[in-house]
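What follows draws every value from the coordinates through simple rules; no lab data is involved. Since the model is a prediction, treat every value here as computed from it, not as a measurement. Don't worry about glycine lacking a Cβ; one is built from the backbone with ideal geometry, like all the others, and counts go over all protein chains shown.
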Amino acid sequence: MGQLFFIISPRGKVQLLLLSLPEDDAFRVYLSLLEVEHMAYKEQLEAIKNYYPFENWRDSYDDGLEQYTPENCNKAQDIFDTLIASLIELGEDAEENNKVELFKTAILSLNELNEEVEDLIETGEREDLCELIDRITVAAGLNPANYADGAGVADEWREW
């Protein structure tokens, strides 16, 4: 039978809310969270790349959606690669406003790319990108709920 779990990390943060998972599965998730918790700042940010949606976007090109050319997908991916590399370079203990400025640069770049490529960021892609930005925000030590009335840092500047 499923149960409700709040996973509290060693740093005292609620990391995950699990609904309807068997206890054994929930425990395995908890152990993997502990592993991530002990990753260095750089490793946490680099691990976010596993959640990139761009390979799925490339598959959409193969399915006839012409806006998802490899070139366009690479441009979007490069924006996130640059954001992650810049956050790593800035460092875990950097001032919040300096980190937020990097997010602003990335989101404004996505706005420009979306202007350049018609229909690049549609509903599904918007959801992918907002989720990805929230993941990066958390890995950078920031709380997405602190931005744009709780909607996340992307909503501060996004036009898509």
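Structure values in brief
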quantity	calculated
Furthest towards positive pole of dipole, Cys130, Thr69, Asn114, structure part segment 41-160, Cβ charges	Cys130
Between segment 43-80 and segment 84-160, the Cα center-to-center distance that results, in Å	15
Residue-count net charge about Asn97 - beta-carbon cut-off 14 Å; Lys, Arg +1, Asp, Glu -1	-3
Which of Thr123, Thr69 has the fewest Cβ neighbours within 10 Å, and the rest in rising order	Thr123, Thr69
Simple Cβ-charge dipole of segment 26-160, Lys/Arg +1 and Asp/Glu -1, about Cα centre, in debye nearest 20	520
